[in-house]
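J.: The structure is given below, and queries will be raised subsequently.
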Amino acid sequence: MKAVCFDTPGKPDVMKISNCGIPEINDDQILIKVKYAGVNRPDIIQREGNYPPPPDHSKILGLEVSGYVHKIGANVKNFKKGDKVAALVNGGGYAEFCSADKETTFKIPKNISLKEAATIPECFFTVWSNLILRGKLKEKQKVLIHGGTSGIGVAAIQILKLYKSEIFTTVGTNKKKKIL
């Protein structure tokens with residue numbers, strides 16, 4: 001399998017295409033045939049050596065992917081081979097195949113392309129985890145979002161609108177203010 005890796009942190013030119021084995025999956029994981037991978041700030045600063053990856057991370061870059069289910073673990077019941085999916089992963093996304101936990105994988109609706117779906121997991125899972133799961137967001141609460149035009153900010157605003165929240169946001173420039 002081909003994958004994008006790097007040996008030493010640095011600028012984009014440290015990345016190289018390498019051959020490596022297809023990842024193994026455990027009983028709670030899905031092996032995805034990757035079609036698209038998103039690029040986020042954590043991907044860039046990880047490559048630069050300024051963002052420590054999780055202890056169980058892949059040596060391959062890439063934190064969000066879309067593609068097709070290639071194989072499922074024994075405890076995975078809601079997915080089957082061939083399903084169109086996107087996932088948030090602990091690295092490994094810049095490869096032909098990637099392992100993903102079933103909890104951070106979702107089926108892509110028919111009206112969303114694989115290309116579009118690859119941009120969803122990192123921002124939306126982060127926002128959902130922080131606002132809904134940890135923050136226990138309730139309808140019509142007042143919420144301040146810093147960096148309203150960032151990927152996380154835009155995702156937060158969209159979710160907050162679903163909760164009929166009163167949204168306050170900061171931006172860094174007048175140009176960004178006009179976007180909102």
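J.: As a footprinting exposure proxy, order Cys98, Cys123 by other Cβ within 10 Å, with the fewest listed first.
T.: Details: Cys98 31, Cys123 22.
Fewest to most other Cβ atoms nearby, the residues stand as Cys123, Cys98.
J.: Among Ala156, Leu114, Met1, whose Cα lies farthest out toward the positive end of the dipole of the chain, if unit charges sit on the beta carbon of Lys, Arg (+1) and Asp, Glu (-1)?
T.: So the residue furthest toward the plus end is Ala156.
J.: Given +1 on the Cβ of Lys and Arg, -1 on the Cβ of Asp and Glu, and no further charges, what dipole in debye does the chain carry about its Cα centre, rounded to the nearest 20? Don't skip to the answer; put the middle values down first.
T.: Details: 28 positive and 17 negative charges, 182 e Å.
It comes to approximately 880 debye.
J.: Also: Taking the Cα centre of the chain as the origin and placing charges on Cβ (Lys, Arg +1; Asp, Glu -1), which of Asn90, Leu63, Val127 is farthest toward the positive end of the dipole?
T.: Val127
J.: Where does helix 151-162 land angle-wise versus the long Cα axis of the chain, in degrees 0 to 90, nearest 10?
T.: With both axes taken from Cα atoms, the answer is about 60 degrees.
J.: What does the charge count around Tyr51 come to, taking other residues whose C-beta lies under 12 Å from its C-beta (Lys +1, Arg +1, Asp -1, Glu -1)? It would help to have the intermediate numbers written out before the result.
T.: Working: positive: Arg41, Arg47; negative: Asp43, Glu48.
Summing Lys and Arg as +1 and Asp and Glu as -1 gives 0.
J.: Still on this structure: May I ask for the distance between the Cα centers of region 145-180 and region 73-133, given as a whole number of Å?
T.: Here the two parts' Cα centres lie 24 Å apart.
J.: For the chain, what does the helix formula give at 222 nm: sum of -39500 (n - 2.57) over DSSP H segments with n ≥ 4, over the residue count, nearest 500 deg cm²/dmol? Kindly include the intermediate steps, with their values, before the conclusion.
T.: On the way: 5 runs with 36 residues, N = 180.
That calculation yields -5000 deg cm²/dmol at 222 nm.
J.: Additional query: Please get the size of the charge dipole for region 1-59, origin at its Cα centre, with Cβ charges of +1 on Lys and Arg and -1 on Asp and Glu, quoted in debye to the nearest 20.
T.: Around 360 debye, computed over region 1-59.
J.: Quote to one decimal, in nm, the extra length available between Leu162 and Asp27 on full extension: 0.36 nm per residue of separation minus the C-alpha distance between them. Could the numbers behind the result be given before it?
T.: Details: separation 135, 0.36 × 135 = 48.60 nm, distance 3.43 nm.
Residue separation times 0.36 nm, minus the Cα-Cα distance, leaves 45.2 nm.
The numbers here are math on the coordinates, done by the rules we state, and not lab data. This one's a predicted model, so the numbers in the text were calculated from it and none came from an experiment. Don't worry about glycine lacking a Cβ; one is built from the backbone with ideal geometry, like all the others, and counts go over all protein chains shown.
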